[in-house]
(Lines give C-alpha, C1' and ligand atoms only; values in the text may rest on other atoms or scores of the structure.)
Protein backbone atom coordinates (compact mmCIF):
# COMPACT_ATOMS: atom_id res chain seq x y z
CA UNK A 1 0.00 0.00 0.00
CA UNK A 2 1.25 3.46 -0.85
CA UNK A 3 1.61 5.76 2.15
CA UNK A 4 -0.39 8.96 2.51
CA UNK A 5 1.00 12.21 1.17
CA UNK A 6 -1.29 14.36 3.35
CA UNK A 7 1.20 15.05 6.11
CA UNK A 8 0.59 18.19 8.14
CA UNK A 9 3.16 19.27 10.72
CA UNK A 10 6.94 19.11 11.12
CA UNK A 11 8.68 15.81 11.84
CA UNK A 12 10.04 15.65 15.37
CA UNK A 13 13.76 15.65 16.01
CA UNK A 14 15.31 16.82 19.31
CA UNK A 15 17.51 19.33 17.46
CA UNK A 16 14.40 20.90 15.89
CA UNK A 17 12.97 22.00 19.23
CA UNK A 18 13.13 25.76 19.68
CA UNK A 19 14.42 26.26 23.20
CA UNK A 20 12.07 26.98 26.08
CA UNK A 21 8.33 26.61 25.53
CA UNK A 22 5.54 28.21 27.52
CA UNK A 23 3.33 25.14 27.09
CA UNK A 24 3.57 21.62 25.72
CA UNK A 25 0.42 20.09 24.21
CA UNK A 26 0.18 16.31 23.82
CA UNK A 27 -1.94 15.43 20.80
CA UNK A 28 -2.97 17.50 17.79
CA UNK A 29 -6.67 16.70 17.68
CA UNK A 30 -9.18 19.55 17.63
CA UNK A 31 -8.90 20.18 21.36
CA UNK A 32 -5.11 20.25 21.32
CA UNK A 33 -4.83 22.48 18.25
CA UNK A 34 -7.46 24.90 19.55
CA UNK A 35 -5.70 25.25 22.90
CA UNK A 36 -2.33 25.70 21.23
CA UNK A 37 -3.63 28.28 18.74
CA UNK A 38 -5.39 30.37 21.39
CA UNK A 39 -2.40 30.28 23.72
CA UNK A 40 -0.25 31.35 20.77
CA UNK A 41 -2.50 34.35 20.13
CA UNK A 42 -1.94 35.27 23.77
CA UNK A 43 1.79 35.38 23.14
CA UNK A 44 2.74 31.89 24.34
CA UNK A 45 5.21 29.71 22.47
CA UNK A 46 3.64 26.27 22.27
CA UNK A 47 5.07 22.88 21.33
CA UNK A 48 2.45 20.40 20.06
CA UNK A 49 3.52 16.75 20.06
CA UNK A 50 1.66 14.34 17.76
CA UNK A 51 2.65 10.66 17.65
CA UNK A 52 1.01 10.08 14.21
CA UNK A 53 2.68 10.92 10.91
CA UNK A 54 0.26 13.81 10.37
CA UNK A 55 -1.43 16.36 12.59
CA UNK A 56 -5.16 16.69 13.10
CA UNK A 57 -6.28 13.70 15.16
CA UNK A 58 -9.73 12.65 13.96
CA UNK A 59 -9.75 15.67 11.61
CA UNK A 60 -6.95 14.31 9.45
CA UNK A 61 -7.32 12.86 5.96
CA UNK A 62 -5.26 10.22 4.21
CA UNK A 63 -4.56 9.16 0.64
CA UNK A 64 -4.08 5.69 -0.77
CA UNK A 65 -4.23 4.20 -4.26
CA UNK A 66 -5.13 7.58 -5.73
CA UNK A 67 -8.08 8.20 -3.37
CA UNK A 68 -8.56 10.41 -0.33
CA UNK A 69 -10.72 9.89 2.75
CA UNK A 70 -11.40 11.66 6.02
CA UNK A 71 -11.34 9.62 9.22
CA UNK A 72 -13.70 11.54 11.46
CA UNK A 73 -15.05 14.77 9.97
CA UNK A 74 -18.06 13.39 8.15
CA UNK A 75 -20.09 16.56 8.62
CA UNK A 76 -20.18 19.65 10.82
CA UNK A 77 -23.19 21.70 11.88
CA UNK A 78 -23.69 25.35 12.79
CA UNK A 79 -21.21 26.75 10.27
CA UNK A 80 -23.66 27.94 7.60
CA UNK A 81 -24.54 31.12 9.52
CA UNK A 82 -22.98 33.59 11.95
CA UNK A 83 -22.96 31.24 14.94
CA UNK A 84 -20.50 30.89 17.80
CA UNK A 85 -19.23 27.71 16.17
CA UNK A 86 -18.64 29.42 12.82
CA UNK A 87 -16.91 32.39 14.44
CA UNK A 88 -14.61 30.06 16.32
CA UNK A 89 -13.64 28.16 13.18
CA UNK A 90 -13.13 31.44 11.31
CA UNK A 91 -10.92 32.81 14.07
CA UNK A 92 -8.77 29.71 14.39
CA UNK A 93 -8.29 29.38 10.62
CA UNK A 94 -7.82 33.08 9.94
CA UNK A 95 -10.89 32.90 7.69
CA UNK A 96 -9.15 30.38 5.41
CA UNK A 97 -11.48 27.47 6.13
CA UNK A 98 -14.43 27.28 3.74
CA UNK A 99 -17.56 25.17 4.15
CA UNK A 100 -19.72 23.47 1.52
CA UNK A 101 -23.36 22.72 2.37
CA UNK A 102 -24.69 19.19 2.08
CA UNK A 103 -28.05 18.47 0.48
CA UNK A 104 -31.13 19.85 2.24
CA UNK A 105 -31.83 16.23 3.18
CA UNK A 106 -28.62 15.90 5.11
CA UNK A 107 -29.49 12.66 6.97
CA UNK A 108 -31.53 9.73 5.66
CA UNK A 109 -32.64 7.01 8.07
CA UNK A 110 -33.35 3.50 6.78
CA UNK A 111 -35.29 1.94 9.66
CA UNK A 112 -36.10 -1.65 8.79
CA UNK A 113 -38.11 -1.41 5.57
CA UNK A 114 -39.09 2.26 6.15
CA UNK A 115 -37.26 5.44 5.20
CA UNK A 116 -37.33 8.74 7.11
CA UNK A 117 -35.14 11.82 6.87
CA UNK A 118 -33.97 15.08 8.40
CA UNK A 119 -34.28 18.33 6.44
CA UNK A 120 -32.14 21.43 7.07
CA UNK A 121 -33.76 24.46 8.68
CA UNK A 122 -35.76 24.66 11.88
CA UNK A 123 -39.12 25.26 10.18
CA UNK A 124 -38.30 22.82 7.38
CA UNK A 125 -37.20 20.20 9.88
CA UNK A 126 -40.43 20.60 11.82
CA UNK A 127 -42.75 20.55 8.80
CA UNK A 128 -40.97 17.55 7.33
CA UNK A 129 -41.43 15.58 10.54
CA UNK A 130 -45.10 16.48 10.62
CA UNK A 131 -45.49 15.28 7.03
CA UNK A 132 -43.88 11.98 7.99
CA UNK A 133 -45.88 11.72 11.24
CA UNK A 134 -49.13 13.68 10.73
CA UNK A 135 -50.66 12.42 13.98
CA UNK A 136 -47.66 13.55 16.04
CA UNK A 137 -47.62 17.31 15.40
CA UNK A 138 -47.97 18.17 19.09
CA UNK A 139 -45.15 15.79 20.02
CA UNK A 140 -42.89 17.29 17.35
CA UNK A 141 -43.54 20.82 18.60
CA UNK A 142 -42.88 19.84 22.22
CA UNK A 143 -39.65 18.17 21.14
CA UNK A 144 -38.48 21.30 19.34
CA UNK A 145 -39.28 23.36 22.42
CA UNK A 146 -36.98 21.11 24.43
CA UNK A 147 -34.25 21.56 21.82
CA UNK A 148 -34.71 25.32 21.96
CA UNK A 149 -34.33 25.37 25.75
CA UNK A 150 -31.39 22.98 25.64
CA UNK A 151 -29.11 25.82 24.55
CA UNK A 152 -29.23 27.28 28.07
CA UNK A 153 -28.64 23.83 29.58
CA UNK A 154 -25.64 23.22 27.36
CA UNK A 155 -24.18 26.63 28.17
CA UNK A 156 -24.64 25.94 31.86
CA UNK A 157 -22.93 22.57 31.52
CA UNK A 158 -19.95 24.21 29.78
CA UNK A 159 -19.84 26.98 32.39
CA UNK A 160 -19.78 24.40 35.19
CA UNK A 161 -16.82 22.64 33.57
CA UNK A 162 -14.84 25.86 33.37
CA UNK A 163 -15.55 27.37 36.79
CA UNK A 164 -12.68 27.49 39.31
CA UNK A 165 -13.34 25.49 42.46
CA UNK A 166 -13.93 28.53 44.67
CA UNK A 167 -16.77 29.75 42.45
CA UNK A 168 -18.66 26.47 42.05
CA UNK A 169 -20.66 26.71 45.32
CA UNK A 170 -21.83 30.21 44.36
CA UNK A 171 -23.08 29.16 40.93
CA UNK A 172 -24.29 25.71 41.98
CA UNK A 173 -28.01 26.54 42.42
CA UNK A 174 -28.16 28.44 39.11
CA UNK A 175 -26.48 25.61 37.24
CA UNK A 176 -28.78 23.02 38.81
CA UNK A 177 -31.81 25.06 37.73
CA UNK A 178 -30.56 25.34 34.14
CA UNK A 179 -29.89 21.59 34.01
CA UNK A 180 -33.20 20.57 35.56
CA UNK A 181 -35.83 18.23 34.20
CA UNK A 182 -35.30 16.59 30.84
CA UNK A 183 -31.62 17.48 30.67
CA UNK A 184 -30.82 15.21 33.60
CA UNK A 185 -32.68 12.22 32.16
CA UNK A 186 -32.11 9.55 29.52
CA UNK A 187 -33.16 10.24 25.95
CA UNK A 188 -35.68 7.39 25.74
CA UNK A 189 -37.39 8.41 28.97
CA UNK A 190 -37.87 11.96 27.72
CA UNK A 191 -39.06 11.07 24.23
CA UNK A 192 -41.40 8.28 25.33
CA UNK A 193 -43.34 10.87 27.34
CA UNK A 194 -43.80 12.95 24.19
CA UNK A 195 -44.96 10.12 21.92
CA UNK A 196 -45.64 6.40 21.84
CA UNK A 197 -44.80 6.14 18.12
CA UNK A 198 -41.61 4.03 17.94
CA UNK A 199 -40.85 5.22 14.40
CA UNK A 200 -40.93 8.88 15.46
CA UNK A 201 -38.60 8.15 18.38
CA UNK A 202 -36.34 6.24 15.98
CA UNK A 203 -36.28 9.18 13.57
CA UNK A 204 -35.52 11.70 16.32
CA UNK A 205 -32.70 9.41 17.51
CA UNK A 206 -31.48 8.54 14.03
CA UNK A 207 -28.11 10.24 14.69
CA UNK A 208 -27.29 8.22 17.79
CA UNK A 209 -24.09 7.06 16.14
CA UNK A 210 -22.78 10.62 16.47
CA UNK A 211 -22.27 9.94 20.18
CA UNK A 212 -22.17 6.13 20.15
CA UNK A 213 -25.09 5.49 22.52
CA UNK A 214 -28.68 4.59 21.56
CA UNK A 215 -31.61 6.31 23.33
CA UNK A 216 -32.03 4.05 26.37
CA UNK A 217 -28.34 4.50 27.20
CA UNK A 218 -27.76 8.16 26.32
CA UNK A 219 -28.38 11.37 28.30
CA UNK A 220 -30.93 13.67 26.71
CA UNK A 221 -28.65 16.68 27.07
CA UNK A 222 -26.11 15.11 24.70
CA UNK A 223 -28.86 13.99 22.32
CA UNK A 224 -30.21 17.56 22.25
CA UNK A 225 -26.73 18.98 21.66
CA UNK A 226 -26.30 16.84 18.55
CA UNK A 227 -29.83 17.47 17.26
CA UNK A 228 -29.44 21.25 17.70
CA UNK A 229 -26.01 21.17 16.09
CA UNK A 230 -27.41 19.81 12.82
CA UNK A 231 -30.80 21.53 12.86
CA UNK A 232 -29.74 23.87 10.06
CA UNK A 233 -28.00 21.17 8.05
CA UNK A 234 -24.59 19.64 7.60
CA UNK A 235 -21.45 21.12 6.05
CA UNK A 236 -18.10 19.80 4.89
CA UNK A 237 -14.71 21.56 4.73
CA UNK A 238 -13.82 22.52 1.17
CA UNK A 239 -10.57 20.79 0.24
CA UNK A 240 -11.05 17.96 2.73
CA UNK A 241 -10.94 17.61 6.49
CA UNK A 242 -7.14 17.92 6.60
CA UNK A 243 -7.65 21.62 5.84
CA UNK A 244 -8.79 22.15 9.43
CA UNK A 245 -5.34 21.44 10.87
CA UNK A 246 -3.55 23.06 7.93
CA UNK A 247 -5.34 26.38 8.50
CA UNK A 248 -4.90 26.42 12.29
CA UNK A 249 -1.18 25.58 12.51
CA UNK A 250 0.02 28.98 11.15
CA UNK A 251 -1.25 30.64 14.34
CA UNK A 252 0.96 28.36 16.43
CA UNK A 253 3.99 28.98 14.23
CA UNK A 254 3.44 32.75 14.22
CA UNK A 255 4.20 32.83 17.96
CA UNK A 256 7.36 30.72 17.58
CA UNK A 257 5.73 27.38 18.30
CA UNK A 258 5.47 24.23 16.21
CA UNK A 259 3.40 21.09 15.66
CA UNK A 260 5.68 18.06 15.61
CA UNK A 261 4.66 14.70 14.15
CA UNK A 262 6.21 11.28 14.85
CA UNK A 263 6.55 12.75 18.35
CA UNK A 264 5.66 10.04 20.84
CA UNK A 265 5.42 11.16 24.47
CA UNK A 266 6.43 8.40 26.86
CA UNK A 267 5.78 10.14 30.18
CA UNK A 268 4.55 13.39 31.70
CA UNK A 269 7.21 14.41 34.20
CA UNK A 270 6.11 15.46 37.70
CA UNK A 271 8.62 16.70 40.25
CA UNK A 272 7.79 17.92 43.75
CA UNK A 273 4.08 17.70 42.93
CA UNK A 274 4.38 19.94 39.88
CA UNK A 275 4.58 19.27 36.15
CA UNK A 276 8.14 19.55 34.90
CA UNK A 277 7.74 18.61 31.22
CA UNK A 278 7.61 15.42 29.16
CA UNK A 279 9.95 12.58 28.30
CA UNK A 280 9.84 11.45 24.70
CA UNK A 281 10.04 7.87 23.44
CA UNK A 282 13.62 8.53 22.29
CA UNK A 283 14.51 9.52 25.87
CA UNK A 284 14.76 13.24 25.18
CA UNK A 285 13.34 15.50 27.87
CA UNK A 286 11.36 18.65 27.08
CA UNK A 287 11.24 20.89 30.14
CA UNK A 288 8.06 22.91 30.66
CA UNK A 289 5.89 23.77 33.66
CA UNK A 290 2.64 23.76 31.65
CA UNK A 291 1.52 20.55 29.94
CA UNK A 292 -1.85 20.11 28.25
CA UNK A 293 -3.01 16.58 27.47
CA UNK A 294 -5.34 16.07 24.54
CA UNK A 295 -4.58 12.36 24.65
CA UNK A 296 -7.71 11.39 26.61
CA UNK A 297 -8.25 11.26 30.36
CA UNK A 298 -7.75 7.51 30.64
CA UNK A 299 -4.58 7.62 28.58
CA UNK A 300 -3.24 10.54 30.59
CA UNK A 301 -3.73 9.14 34.08
CA UNK A 302 -3.26 5.43 33.41
CA UNK A 303 -0.39 5.53 30.93
CA UNK A 304 1.34 8.92 30.64
CA UNK A 305 1.70 9.72 34.33
CA UNK A 306 3.72 7.64 36.77
CA UNK A 307 1.40 5.20 38.56
CA UNK A 308 2.23 6.59 41.98
CA UNK A 309 1.42 10.14 40.85
CA UNK A 310 -1.91 9.11 39.31
CA UNK A 311 -2.84 7.18 42.43
CA UNK A 312 -1.87 10.01 44.78
CA UNK A 313 -3.83 12.54 42.70
CA UNK A 314 -7.02 10.49 43.10
CA UNK A 315 -7.67 10.12 39.39
CA UNK A 316 -6.92 6.40 39.29
CA UNK A 317 -9.92 5.91 41.58
CA UNK A 318 -12.13 8.43 39.77
CA UNK A 319 -11.62 6.67 36.44
CA UNK A 320 -13.60 3.69 37.75
CA UNK A 321 -16.79 5.73 37.23
CA UNK A 322 -16.25 6.14 33.47
CA UNK A 323 -15.75 3.83 30.51
CA UNK A 324 -14.41 4.10 26.95
CA UNK A 325 -16.82 4.97 24.17
CA UNK A 326 -17.76 2.64 21.34
CA UNK A 327 -15.11 1.13 19.08
CA UNK A 328 -15.76 0.98 15.37
CA UNK A 329 -15.02 -0.45 11.95
CA UNK A 330 -14.31 1.74 8.96
CA UNK A 331 -14.51 0.84 5.29
CA UNK A 332 -12.78 3.23 2.89
CA UNK A 333 -13.96 2.81 -0.69
CA UNK A 334 -12.56 4.18 -3.96
CA UNK A 335 -14.69 4.19 -7.11
CA UNK A 336 -14.11 4.76 -10.80
CA UNK A 337 -16.20 7.73 -11.87
CA UNK A 338 -17.02 11.06 -10.29
CA UNK A 339 -19.67 11.62 -7.65
CA UNK A 340 -21.90 13.28 -10.26
CA UNK A 341 -21.46 10.43 -12.73
CA UNK A 342 -22.33 7.85 -10.09
CA UNK A 343 -25.18 9.84 -8.56
CA UNK A 344 -23.62 9.95 -5.10
CA UNK A 345 -25.61 12.17 -2.72
CA UNK A 346 -24.49 14.84 -0.29
CA UNK A 347 -26.65 13.00 2.23
CA UNK A 348 -25.59 10.64 5.02
CA UNK A 349 -27.22 7.22 5.18
CA UNK A 350 -28.03 5.74 8.59
CA UNK A 351 -29.10 2.11 8.15
CA UNK A 352 -30.85 0.26 10.99
CA UNK A 353 -32.32 -3.27 11.15
CA UNK A 354 -35.36 -2.04 13.14
CA UNK A 355 -36.70 0.87 15.18
CA UNK A 356 -35.53 -0.78 18.42
CA UNK A 357 -32.02 0.67 18.49
CA UNK A 358 -31.10 -0.56 21.96
CA UNK A 359 -32.48 -4.03 21.24
CA UNK A 360 -30.50 -4.24 18.01
CA UNK A 361 -27.32 -3.24 19.83
CA UNK A 362 -27.94 -5.83 22.56
CA UNK A 363 -28.52 -8.54 19.94
CA UNK A 364 -25.32 -7.61 18.11
CA UNK A 365 -23.21 -7.63 21.27
CA UNK A 366 -24.60 -11.07 22.14
CA UNK A 367 -24.22 -12.52 18.64
CA UNK A 368 -21.57 -11.16 16.22
CA UNK A 369 -23.52 -12.66 13.30
CA UNK A 370 -26.58 -10.52 14.09
CA UNK A 371 -27.14 -7.48 11.84
CA UNK A 372 -25.03 -4.43 12.60
CA UNK A 373 -27.14 -2.21 14.88
CA UNK A 374 -26.24 0.81 12.75
CA UNK A 375 -24.32 1.26 9.51
CA UNK A 376 -23.37 4.83 8.62
CA UNK A 377 -22.51 5.67 5.00
CA UNK A 378 -20.84 8.95 4.02
CA UNK A 379 -19.95 10.29 0.57
CA UNK A 380 -17.00 12.66 1.14
CA UNK A 381 -16.11 13.23 -2.51
CA UNK A 382 -19.70 14.35 -3.16
CA UNK A 383 -19.63 16.71 -0.16
CA UNK A 384 -16.33 18.37 -1.13
CA UNK A 385 -16.60 20.53 -4.29
CA UNK A 386 -12.80 20.54 -4.58
CA UNK A 387 -12.36 16.76 -4.50
CA UNK A 388 -12.47 16.28 -8.27
CA UNK A 389 -9.72 18.87 -8.73
CA UNK A 390 -7.43 16.78 -6.54
CA UNK A 391 -8.52 13.33 -7.73
CA UNK A 392 -10.16 13.67 -11.14
CA UNK A 393 -12.37 10.87 -12.44
CA UNK A 394 -12.75 9.22 -9.02
CA UNK A 395 -15.01 9.30 -5.98
CA UNK A 396 -15.05 7.90 -2.47
CA UNK A 397 -17.41 6.43 0.12
CA UNK A 398 -16.89 5.69 3.80
CA UNK A 399 -18.76 3.24 5.99
CA UNK A 400 -18.66 3.29 9.80
CA UNK A 401 -20.18 0.65 12.07
CA UNK A 402 -19.72 -0.29 15.73
CA UNK A 403 -17.57 -3.28 16.64
CA UNK A 404 -16.64 -4.50 20.14
CA UNK A 405 -12.98 -4.06 20.93
CA UNK A 406 -12.91 -7.58 22.37
CA UNK A 407 -13.16 -9.03 18.85
CA UNK A 408 -9.67 -7.72 18.12
CA UNK A 409 -7.96 -7.63 21.51
CA UNK A 410 -5.79 -10.71 20.89
CA UNK A 411 -3.93 -8.80 18.16
CA UNK A 412 -3.52 -5.56 20.11
CA UNK A 413 0.22 -5.99 20.65
CA UNK A 414 0.96 -6.79 17.01
CA UNK A 415 2.40 -4.28 14.54
CA UNK A 416 0.05 -2.53 12.12
CA UNK A 417 0.05 -4.29 8.78
CA UNK A 418 1.60 -7.45 10.29
CA UNK A 419 -1.16 -9.00 12.36
CA UNK A 420 -1.40 -12.23 10.44
CA UNK A 421 -3.81 -14.15 8.25
CA UNK A 422 -6.49 -14.70 10.90
CA UNK A 423 -6.77 -10.97 11.50
CA UNK A 424 -6.90 -10.19 7.78
CA UNK A 425 -9.51 -12.90 7.29
CA UNK A 426 -11.72 -11.37 9.99
CA UNK A 427 -11.33 -7.94 8.38
CA UNK A 428 -12.28 -9.37 4.98
CA UNK A 429 -15.39 -11.01 6.40
CA UNK A 430 -16.53 -7.85 8.16
CA UNK A 431 -15.74 -5.72 5.13
CA UNK A 432 -17.83 -7.95 2.87
CA UNK A 433 -20.77 -7.72 5.27
CA UNK A 434 -20.62 -3.93 5.26
CA UNK A 435 -20.15 -3.71 1.51
CA UNK A 436 -23.29 -5.86 1.13
CA UNK A 437 -25.22 -3.22 3.13
CA UNK A 438 -23.97 -0.53 0.73
CA UNK A 439 -24.88 -2.55 -2.37
CA UNK A 440 -28.35 -3.16 -0.99
CA UNK A 441 -28.99 0.59 -1.08
CA UNK A 442 -26.90 1.49 -4.15
CA UNK A 443 -26.58 -1.69 -6.26
CA UNK A 444 -25.25 0.16 -9.32
CA UNK A 445 -21.97 0.82 -7.47
CA UNK A 446 -20.96 -2.84 -7.36
CA UNK A 447 -19.33 -2.65 -10.80
CA UNK A 448 -17.63 0.70 -10.07
CA UNK A 449 -15.73 -0.14 -6.88
CA UNK A 450 -12.02 -0.08 -7.65
CA UNK A 451 -10.58 -0.42 -4.15
CA UNK A 452 -11.60 -0.69 -0.52
CA UNK A 453 -9.91 -1.36 2.77
CA UNK A 454 -11.14 -2.05 6.27
CA UNK A 455 -9.93 -0.46 9.49
CA UNK A 456 -10.61 -1.90 12.94
CA UNK A 457 -10.40 -0.52 16.49
CA UNK A 458 -6.72 -1.52 16.41
CA UNK A 459 -6.18 1.05 13.65
CA UNK A 460 -7.65 3.68 15.97
CA UNK A 461 -5.21 2.56 18.66
CA UNK A 462 -2.22 2.52 16.32
CA UNK A 463 -2.74 5.90 14.68
CA UNK A 464 -4.56 7.72 17.47
CA UNK A 465 -2.77 6.31 20.53
CA UNK A 466 -6.01 5.06 22.08
CA UNK A 467 -6.25 1.90 24.15
CA UNK A 468 -9.60 0.32 23.24
CA UNK A 469 -10.36 1.87 19.86
CA UNK A 470 -12.68 4.44 21.43
CA UNK A 471 -14.24 6.76 18.87
CA UNK A 472 -15.49 9.48 21.24
CA UNK A 473 -13.05 9.26 24.14
CA UNK A 474 -15.03 8.49 27.29
CA UNK A 475 -18.55 7.17 26.71
CA UNK A 476 -21.13 9.95 27.08
CA UNK A 477 -23.20 8.09 29.65
CA UNK A 478 -25.29 9.89 32.29
CA UNK A 479 -22.74 8.74 34.87
CA UNK A 480 -19.89 10.34 32.91
CA UNK A 481 -21.71 13.69 32.84
CA UNK A 482 -21.94 13.64 36.63
CA UNK A 483 -18.14 13.51 37.00
CA UNK A 484 -17.36 17.02 38.14
CA UNK A 485 -13.63 16.30 38.01
CA UNK A 486 -13.71 16.07 34.19
CA UNK A 487 -12.59 19.65 33.66
CA UNK A 488 -9.52 21.41 32.21
CA UNK A 489 -7.67 21.97 35.48
CA UNK A 490 -6.37 18.96 37.38
CA UNK A 491 -5.14 18.28 40.90
CA UNK A 492 -1.58 18.22 39.56
CA UNK A 493 -0.06 21.70 39.39
CA UNK A 494 0.65 22.61 35.76
CA UNK A 495 -1.28 19.74 34.15
CA UNK A 496 -4.37 20.55 32.10
CA UNK A 497 -6.78 18.50 30.01
CA UNK A 498 -8.54 19.27 26.75
CA UNK A 499 -10.52 17.46 24.05
CA UNK A 500 -13.73 15.43 24.01
CA UNK A 501 -13.37 14.17 27.58
CA UNK A 502 -13.51 17.67 29.05
CA UNK A 503 -16.79 18.77 27.49
CA UNK A 504 -18.67 16.77 24.85
CA UNK A 505 -18.06 14.59 21.83
CA UNK A 506 -17.23 15.54 18.27
CA UNK A 507 -15.05 18.12 16.55
CA UNK A 508 -17.04 21.09 17.83
CA UNK A 509 -17.15 19.72 21.37
CA UNK A 510 -13.38 19.28 21.35
CA UNK A 511 -12.90 22.77 19.90
CA UNK A 512 -14.98 24.35 22.65
CA UNK A 513 -13.06 22.30 25.20
CA UNK A 514 -9.91 23.94 23.84
CA UNK A 515 -11.46 27.32 24.56
CA UNK A 516 -12.28 26.26 28.14
CA UNK A 517 -8.79 24.89 28.68
CA UNK A 518 -7.17 28.11 27.50
CA UNK A 519 -9.39 30.15 29.82
CA UNK A 520 -8.49 27.87 32.73
CA UNK A 521 -4.79 28.32 32.03
CA UNK A 522 -4.66 32.10 31.63
CA UNK A 523 -7.59 33.30 33.75
CA UNK A 524 -10.53 35.59 32.91
CA UNK A 525 -8.59 38.86 32.80
CA UNK A 526 -6.29 37.70 30.02
CA UNK A 527 -9.01 35.69 28.30
CA UNK A 528 -11.56 38.50 28.02
CA UNK A 529 -9.78 40.48 25.26
CA UNK A 530 -9.28 37.28 23.24
CA UNK A 531 -12.96 36.40 23.56
CA UNK A 532 -13.85 39.84 22.25
CA UNK A 533 -11.65 39.28 19.19
CA UNK A 534 -13.29 35.92 18.53
CA UNK A 535 -16.90 36.93 19.05
CA UNK A 536 -16.89 40.67 18.36
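The values are calculated or read from the model by the stated rules, or taken from the named source; none is laboratory data. Since the model is a prediction, treat every value here as computed from it, not as a measurement. As a convention, Cβ positions derive from the backbone with ideal geometry for all residues, glycine included, and neighbour counts pool all protein chains shown.
Could you please tell me which pairs satisfy a Cβ distance under 7 Å, a separation of 6+ or placement on different chains, a first residue in the stretch 13-35 that is modelled with pLDDT under 95, and a second residue that is surrounded by fewer than 19 Cβ atoms within 10 Å (Cβ to Cβ)?
Final answer for the pair search is 18/256.
For a quick check of your reading: which helices (runs of 4 or more DSSP H) sit entirely within the stretch 156-230 and have at least 1 residues that are closer than 16 Å to residue 481 by Cβ, over 24 Å from the mean Cα position of the chain (by Cα) and modelled with pLDDT under 95?
Values: elements: 168-178, 187-194, 198-204, 220-229.
It comes to 168-178.
Identify the residue in the stretch 358-375 that is in contact with a helix residue (DSSP H, G or I) (Cβ under 9 Å, 6 or more places away or on another chain) and in contact (Cβ under 8 Å) with a residue 24 or more places away in the chain and, among all such residues, is nearest to residue 198 (Cα to Cα).
358
Give, as residue ranges, the helices (runs of 4 or more DSSP H) completely inside the stretch 299-379 that count at least 2 residues that are under 24 Å from the mean Cα position of the chain (by Cα) and closer than 25 Å to residue 269 by Cα.
Hits in the stretch 299-379: 315-318.
Residue 454: closer than 23 Å to residue 57 by Cβ, in contact with a strand residue (DSSP E or B) (Cβ under 9 Å, 6 or more places away or on another chain), touching a residue at least 24 places away in the same chain (Cβ under 8 Å) and part of a helix (DSSP H, G or I), yes or no?
Answer is no for this residue.
Restricting attention to the stretch 19-39, which residues are within 13 Å of residue 252 (Cα to Cα) and outside any helix (DSSP H, G or I)?
Matches in the stretch 19-39: 21, 22, 23, 24, 25, 28.
For the stretch 481-488, indicate whether the set of residues that are modelled with pLDDT of 95 or more, touching a strand residue (DSSP E or B) at 6+ places or on another chain (Cβ under 8 Å) and assigned to a helix (DSSP H, G or I) is non-empty.
For the stretch 481-488, residues modelled with pLDDT of 95 or more, touching a strand residue (DSSP E or B) at 6+ places or on another chain (Cβ under 8 Å) and assigned to a helix (DSSP H, G or I): absent.
Of these, 340, 282, 298, which one is touching a helix residue (DSSP H, G or I) at 6+ places or on another chain (Cβ under 9 Å), loosely packed, with under 14 Cβ neighbours inside 10 Å and within 24 Å of residue 57 (Cα to Cα)?
Every option except 282 fails the conditions.
Can you say whether residue 53 is within 26 Å of residue 289 (Cα to Cα), part of a loop (DSSP other than H, G, I, E, B) and in the same structural domain as residue 294 (by TED's automatic domain parsing), as far as the supplied structure shows?
Details: within 26 Å of residue 289 (Cα to Cα): no; part of a loop (DSSP other than H, G, I, E, B): yes; in the same structural domain as residue 294 (by TED's automatic domain parsing): yes.
No; evaluated as a whole, the condition is false for this residue.
Would you tally the residues in the stretch 84-106 being in contact with a strand residue (DSSP E or B) (Cβ under 9 Å, 6 or more places away or on another chain) and more than 26 Å from residue 245 (Cβ to Cβ)?
So the count comes out to 2.
Which numbered condition trips up residue 217, out of (1) under 30 Å from residue 376 (Cα atoms); (2) assigned by TED's automatic domain parsing to the domain that holds residue 131; (3) out of contact with any strand residue (DSSP E or B) (no Cβ under 9 Å at 6 or more places or on another chain)?
Here residue 217 meets the rest and fails (3).
Condition first: free of Cβ contacts under 8 Å to residues at least 60 places away in the same chain and touching a strand residue (DSSP E or B) at 6+ places or on another chain (Cβ under 7 Å). Now tell me which residues in the stretch 397-440 satisfy that.
427
Considering only residues of the stretch 490-508 that are farther than 26 Å from residue 312 by Cα and modelled with pLDDT of 95 or more, which is surrounded by the most Cβ atoms within 10 Å (Cβ to Cβ)?
Here the answer is 507.
Just to verify a result, which residue in the stretch 236-279, among those that are part of a strand (DSSP E or B) and within 21 Å of the chain's Cα centre (by Cα), is nearest to residue 6 (Cα to Cα)? If you could, list the steps in order and put the result at the bottom.
Within the stretch 236-279, the first condition is being part of a strand (DSSP E or B), and the residues that meet it are 236-237, 258-261, 265-271, 274-279.
Applying the additional criterion that residues be within 21 Å of the chain's Cα centre (by Cα) yields 236-237, 259, 261.
On the way: 236: 18, 237: 15, 259: 15, 261: 12 Å.
Here the residue is 261.
Of the conditions (1) surrounded by 17 or more Cβ atoms within 10 Å (Cβ to Cβ); (2) within 25 Å of residue 342 (Cα to Cα), residue 447 clears all except one; give me its number.
Only one criterion is unmet by residue 447, namely (1).
So, residue 57, is that one at positive phi, in contact with a helix residue (DSSP H, G or I) (Cβ under 7 Å, 6 or more places away or on another chain) and crowded, with 24+ Cβ neighbours inside 10 Å or not?
For residue 57, the condition - at positive phi, in contact with a helix residue (DSSP H, G or I) (Cβ under 7 Å, 6 or more places away or on another chain) and crowded, with 24+ Cβ neighbours inside 10 Å - is met.
Can you tell me which of 234, 257 is buried (at least 23 other Cβ atoms within 10 Å of the Cβ), outside the structural domain of residue 503 (by TED's automatic domain parsing) and modelled with pLDDT of 95 or more?
234
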